[in-house]
Amino acid sequence: MTVDTAAQPDVAAPRRHHRRRRVNKQNRVGWAFVAPFAIVFIALLVLPLFYALYLSLFQTRLIGGTNFVLFDNYIKAFTDENFLDGIWFVIAFSAVLIPLQMIVSLGVALILDAVVTRFARFSRLMIFLPYAIPAVIGALMWGFLYSKSFGPMAEIFGAFGMAGPDFLSRELIFFGLLNIVTWQWAGYYMIIIYAALQGIDPTLYEAARIDGASGWQINLRIKIPLIAPALVLILVFALIGTLQFFNEPQILRYLASGAIPSDFTPNMYAYQQAFALANYNYGSAISFALGAVVFVCVYIFMFITRKRGSFLA
Amino acid sequence: MKRKPILAAAITLVLAGALASCADGGDANEGGGSEATNCTNTIPKKDLPVVTMWAWYPNMELVIDNFNEQSDEVQVCWTNAGQGGDEYDKFQTAITAGTGAPDVIMIEADRIPTFQVQEAIVDIAEFGYEDVKDDYSEGAWKDVSVGEGVYGVPVDGGPMGMIYRKDIFEQYGITPPTTWAEYEAAAQKVKDAGGPLFGDLGANTPAVMMALQYQNGAEPFVYDSASPENIGITLNDDASKEVLDYWGGLVEKGLVGTQDQFTPEYIAGVIGGDYATYISAAWAPGYLTGAGVGEGEDAGVWATAPLPQWDAANPTFVNWGGSAFSVTSQASDPELAAKAAFGVYADEASLTDGWQNQVIFPLNLNALNAPEFVDYEVPFFGGQQANKEVYVPAANEYTGMTYTPFGAFYFDAFNEQLASVNDGSITGSEAADRLQEAVVSYAEEQGFTVE
């Protein structure tokens, strides 16, 4: 007994030591692999973030120079009608857009999952295609399609002697943008859902069918519950993306006569403040304020879906 | 040269340009021009000091070559950093960063106070202004000055006139209106006869409205660099309201369109004969030609006439657009930079190329009063001597305007109000009141004392 206890550490020590050295070496190799990313990550993401935070605590005026104002810019942002209007717009836009996108992409994915023909593969590619087109080009293209004088819509309506709807007017720009964003992203979400559907064990369907389940029942009771995590993931993506809405309205501004002011969305407002009006401080504050709104919205959403949204848990 | 014309002429180009110039902006980070490694042009005299320059005139390459060839003191390294707003955004970033701006920069007259108030451009009165003072009119100098300080070398201007379609005027039996009242009457006559729109109120051209308000005797801004913290803002006086109500009325009566200008949609309308007139500046023929107007179905139908007046007995001439070369405060050698600013686009060969190809309307009096310019039969106007009949007199009568030190905000806010006028939600007077309120509160927020 005494011999054993005395001897054991002697035997174990060198081995443990050896292992520790190997772990250290592994660590170093690991860091070497991570380093390129870490450097870029810190230099281009973390540092600018802190710099922007620092900037947002000051106020620079054309007359009177720069002053430290602590949270004044944030107080201003949350009482600034332009900013709040932008926030309400993107929230309203999300409320319509996200369900629409979900229904379209889920519906298409379920159909493509059920149909196994060469045409289904072709359709999958085609529906995904808009995502491969840069947002800027997509927005431009739609800008032309919406055109009152040379767009196809004008021609179709013109054939019936009617004036086509002007999706670039103040009244209809909401729907014009809705269509563009859905077109752009539905295919991408469809692929995510489709991939999740492919991961389901097909024996489940067989068992369900033996139990007498119809196609609808399989969809509603098996497929959708099993891909719920993917749906939550998409929802979070869509929510963050929409709250940060920028590219499409920024491009369409040049085509939509006055329908899209420079403070249309919070991101556009921040851009205008920083780069057109030289108000970097307020621009940074708006960005952080928007970040806070996004965080709150996503948190609320995650809280509601916490049982199913296991991917972030 | 022009406000934002070519910018939106082809939206695809805008984007390509924006993307390309993003890259340019990064590359052109030359820290005050001490090193000039990214010129678009080649520098022939390599032993001379080099000055960096941002500019977007379409014939800039030729202009720079002309200058470099003739100069024995300095060479210019030129980059196109984008047109108008694109360039200003980059310059603004460079100002804040304290580095990255060129030595000399092309700026439109209405933006000069914006950069002057930030001390981003320098007074060039002592760097050879006296030598060339007589080469430009008083109005041209006023546009590039803030108070007593001279902040740019004028290059081109935009005396305004009324471009119109001869065929539409003939068809409906009207002659060019000389007053705004006649303009409205003619518009009504054309509409009643089932004709096209008479003109257009683009929400994206607030500078036109500012000029037309000036024409009616308004003076939107009183600003002097001697006391930069004080500014007078009068955007809702009777004269301004009269102009905005007049145009708002034209829109309401369906006499003019509401399409944003410089968009493909607008150009398609211009080509298709949807507009009988285009209230614009002397550079417009060049812009329209570049956008494909005046070829094919609408070839040979364009003519120009003097701008309609409020009071025909006391005509007032105004300006839209026009730009200048300014020396930036980041220039390593401002005196040398000023030499380039004064010299570029001031030689006869460059100016002649500029006006013959309708790229610019020269402000240099040597070119402006030269017989070959005055008598030139402008091809776009079917050989009409447009300079003699319309633009040279307008340029000579022009006395200059005072612009605001926060042009970006003012024009943005004006855009928004014009858009509301266009969709009928407010009247011109209301737009003026709202604009006044927005601009005054911005000015106060920026630390100005509003008088």
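Below is a table of values for the structure above.
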| quantity | calculated |
| --- | --- |
| Mean ellipticity per residue at 222 nm, deg cm²/dmol - from DSSP H runs of n ≥ 4 across chain B, formula -39500 (n - 2.57) | -12000 deg cm²/dmol |
| Summed buried accessible surface, chains B and A, 1.4 Å probe, nearest 100 Å² | 2800 |
| Rounded percent of accessible protein surface that carbon and sulfur make up, segment B:203-264, 1.4 Å probe | 44 |
| Segment B:160-203 and segment B:251-295: distance between their alpha carbon centers, rounded to Å | 13 |
| Part-to-part distance (alpha-carbon centres) for segment A:173-236 and segment A:102-124, which is given in Å | 10 |
| Rounded to the nearest 20 debye, dipole of chain B from Cβ charges on Lys, Arg, Asp, Glu | 900 |
| Beta bridges per DSSP with both ends in the protein assembly as shown, % antiparallel, nearest 5 | 70 |
| 25 Å Cα-Cα reach of B:Lys90 towards lysines, excluding residues that sit fewer than 8 places from it in its own chain | B:Lys2, B:Lys4, B:Lys339 |
| Expected-Rg normalisation [2.2 N^0.38 Å, Cα atoms] applied to segment A:159-212 | 2.07 |
| Segment A:76-308, accessible surface, carbon-and-sulfur percent (1.4 angstrom probe) | 69 |
| Inter-label distance, nm, simple model (7 Å from Cα along the C-beta direction), A:Ile133/B:Glu297 | 2.6 |
| Fraction of the pair-distance distribution of the protein assembly as shown above 43 Å, Cα-Cα pairs, percent | 37 |
| Those aspartates and glutamates that a straight Cα-Cα span of less than 15 Å connects to B:Lys241, excepting residues fewer than 8 apart in one chain | B:Glu219, B:Glu430, B:Asp433, B:Glu437 |
| About the Cα centre, charge dipole magnitude for the protein assembly as shown (Lys/Arg +1, Asp/Glu -1 at Cβ), debye | 5840 |
| Ordering of B:175-182, B:259-266 by packing [mean C-beta count within 10 Å, highest first] | B:259-266, B:175-182 |
| Nearest-0.05 FRET efficiency for B:Glu451 and B:Glu73, computed from C-beta distance (R0 35 Å) | 0.20 |
| √(5λ) per eigenvalue of the Cα gyration tensor, segment A:76-308, largest first, Å | 36, 25, 13 |
| Probe 1.4 Å, protein heavy atoms only - accessible area per residue of the protein assembly as shown in square angstrom | 44 |
| Charge dipole of the protein assembly as shown about the Cα centre (unit charges at C-beta), most positive-ward option of A:Leu231, B:Tyr410, B:Leu363 | A:Leu231 |
| Within 10 Å of each Cβ in A:249-255, the average number of Cβ atoms from other chains | 4 |
| Of A:Tyr188, A:Leu204, A:Ala132, farthest towards positive along the dipole that unit charges on Lys, Arg, Asp, Glu beta carbons give chain A | A:Leu204 |
| Unit charges at the beta carbon, dipole of the protein assembly as shown: most positive-side option, B:Gly157, B:Thr205, A:Ala289 | A:Ala289 |
| DSSP-defined beta bridges in chain B - what % are antiparallel, rounded to 5 | 70 |
| Cα-centre dipole for chain A with unit charges at Cβ (Lys and Arg positive, Asp and Glu negative), debye to 20 | 1440 |
| Candidate lysines for bridging to A:Lys223, where Cα separation is under 27 Å - those fewer than 8 sequence places away on the same chain excluded | A:Lys307 |
| Kirkwood Rh, angstrom, segment B:201-326 [1 / mean 1/r, Cα pairs] | 16.6 |
| Hypothetical label at B:Ser227: residues of segment B:408-451 whose amide nitrogen lies under 14 Å (7 Å Cα-Cβ projection) | B:448-451 |
| A:Arg118, A:Arg124, ranked by accessible area, largest first (probe 1.4 Å) | A:Arg118, A:Arg124 |
| At R0 = 30 Å, FRET efficiency that the Cβ-Cβ distance of A:Ser123 and A:Tyr205 yields, to 0.05 | 0.90 |
| Projected label distance in nm at B:Ala185 and B:Ala97, using a 7 Å step from Cα toward the beta-carbon | 5.8 |
| Test item: B:82-94 mean partner chain Cβ contacts at 10 Å | 2 |
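The values are calculated or read from the model by the stated rules, or taken from the named source; none is laboratory data. These numbers come from a predicted model, not from an experiment. As a convention, Cβ positions derive from the backbone with ideal geometry for all residues, glycine included, and neighbour counts pool all protein chains shown. All accessible areas refer to the heavy atoms of the entire protein, side chains included, with ligands and DNA or RNA removed. Shrake-Rupley method; radii C 1.70, N 1.55, O 1.52, S 1.80 Å.
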